[in-house]
């Protein structure tokens, strides 16, 4: 417990320091929000994705790492990095694709083999369609997205598998205060099927949603917080419920130059339950902490 | 296993086709309104322009400066680099009434706005 609080405080301090540093760079002179340029909302909400789809003709290379930390016992850390190319061929569609790399550092965790490895773990593609666009008289924007992913390494255990996932998401956001305050919402359905090397087939699904609030504190810096509620099922059609969890934490977005930005987020599991196991938190299907760090270069 | 693979492939194909088809709106077949902009000494001229709603728009941006500029707008969702002493054409979908800002991404001070009515 003390470790959890300590790591949480460290993350929070790191976030505050980064935001202060970025603000001091970006805010050398007093700025009026009405003079700020419009903001691309896709990456300002942390794990929650905004509705932005980029600009027609824009291309972007990103390195997006998500780390997952902490199981019931032992030491557990795993990361998955997307090496991603994205482009916007029309004013309504964005396409992304890329390769996945993963790391696993597992020691003494019940039901998982000890492991220290780095591997190229798969590939993915994402198709995003802007269904409702924001205008000066309509603050709401909605994007529909699907992301098929194929993995050769299991996300949790790091073992060799054939895994196919089909994430479908509704990304919505609201501009609450012009150029200043934004609310983001995601609705997620993520079925997947896994063939283990033993021949065993596992079907599962994740279903849930998130809400996020982000405040632009300087023209190039946005800070905020988000909360996720996720449910896990041992069936793609959401019939075999196995547990759920609530994760929450701070988010940070910094635009370093007009063509380069980073986003960071950290979530801690604050509530969870495993069906049939009367323990606090759900550490069977979710993790104690997760963190995201993404750097992007537009060209 | 093969059946599931086929289903995943089919679902992806259907989703992509659906999104691509709905992205082509009927209004794109309409005659576009043309807006002429000049970029000189790091400024747009004029800085305020108007266009009718629900009709596609074509921006013709003439860059008279000796260095390249990038016509960009988050709300119009377009960007286009216009080389020095040349003209760039930017096509924009039919828009709803509102105010849409544009700027030169290489020059913080160069800004303008389109009002759609």
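The values are calculated or read from the model by the stated rules, or taken from the named source; none is laboratory data. Since the model is a prediction, treat every value here as computed from it, not as a measurement. In this analysis, Cβ positions are derived from the backbone assuming ideal geometry, glycine residues included, and neighbour counts consider all displayed protein chains.
Is it the case, given these coordinates, that residue A:118 is touching a strand residue (DSSP E or B) at 6+ places or on another chain (Cβ under 7 Å), more than 12 Å from every other protein chain (Cβ to nearest Cβ), under 29 Å from residue B:81 (Cα atoms) and surrounded by fewer than 16 Cβ atoms within 10 Å (Cβ to Cβ)? Full working, then the answer.
Values: touching a strand residue (DSSP E or B) at 6+ places or on another chain (Cβ under 7 Å): yes; more than 12 Å from every other protein chain (Cβ to nearest Cβ): yes; under 29 Å from residue B:81 (Cα atoms): no; surrounded by fewer than 16 Cβ atoms within 10 Å (Cβ to Cβ): yes.
When the stated conditions are applied, residue A:118 does not pass them.
Kindly establish whether residue A:284 is within 14 Å of chain B (Cβ to nearest Cβ) and either assigned to a loop (DSSP other than H, G, I, E, B) or surrounded by fewer than 22 Cβ atoms within 10 Å (Cβ to Cβ) (or both). If you could, list the steps in order and put the result at the bottom.
Values: within 14 Å of chain B (Cβ to nearest Cβ): no; either assigned to a loop (DSSP other than H, G, I, E, B) or surrounded by fewer than 22 Cβ atoms within 10 Å (Cβ to Cβ) (or both): yes.
So residue A:284 fails the test.
Residues in the range A:127-145: is at least one in contact with a strand residue (DSSP E or B) (Cβ under 8 Å, 6 or more places away or on another chain), surrounded by 16 or more Cβ atoms within 10 Å (Cβ to Cβ) and over 24 Å from residue A:210 (Cβ atoms)?
yes
Restricting attention to the range B:62-81, which residues are more than 10 Å from chain A (Cβ to nearest Cβ) and either farther than 14 Å from residue B:112 by Cβ or crowded, with 22+ Cβ neighbours inside 10 Å (or both)?
Here is the first cut: in the range B:62-81, the residues more than 10 Å from chain A (Cβ to nearest Cβ) are B:62-69, B:71.
If the condition is that a residue be more than 10 Å from chain A (Cβ to nearest Cβ) and either farther than 14 Å from residue B:112 by Cβ or crowded, with 22+ Cβ neighbours inside 10 Å (or both), then B:63, B:64, B:65, B:66, B:67, B:68, B:69, B:71 are the ones that fit.
Based on this model, can you work out whether residue B:41 counts as within 11 Å of chain A (Cβ to nearest Cβ) and either free of Cβ contacts under 8 Å to residues at least 12 places away in the same chain or out of contact with any strand residue (DSSP E or B) (no Cβ under 6 Å at 6 or more places or on another chain) (or both)? It would help to see each step written out before you state the result.
On the way: within 11 Å of chain A (Cβ to nearest Cβ): no; either free of Cβ contacts under 8 Å to residues at least 12 places away in the same chain or out of contact with any strand residue (DSSP E or B) (no Cβ under 6 Å at 6 or more places or on another chain) (or both): yes.
Answer is no for this residue.
Filter the range B:86-117 down to the residues that are under 16 Å from residue A:134 (Cβ atoms) and facing chain A (nearest Cβ under 8 Å) and list them by number.
B:92, B:93, B:95, B:96, B:97, B:98, B:99, B:100, B:101, listed by residue number.
Under 8 Å between Cβ atoms, at least 6 apart or on separate chains: pull out the pairs that start in the range A:28-45 with a residue that is away from every other protein chain (no Cβ under 12 Å) and closer than 18 Å to residue B:103 by Cβ and end on any residue that is at pLDDT 90 or above and surrounded by 14 or more Cβ atoms within 10 Å (Cβ to Cβ).
Every condition considered, the pairs that remain are A:33/A:179; A:33/A:180; A:33/A:216.
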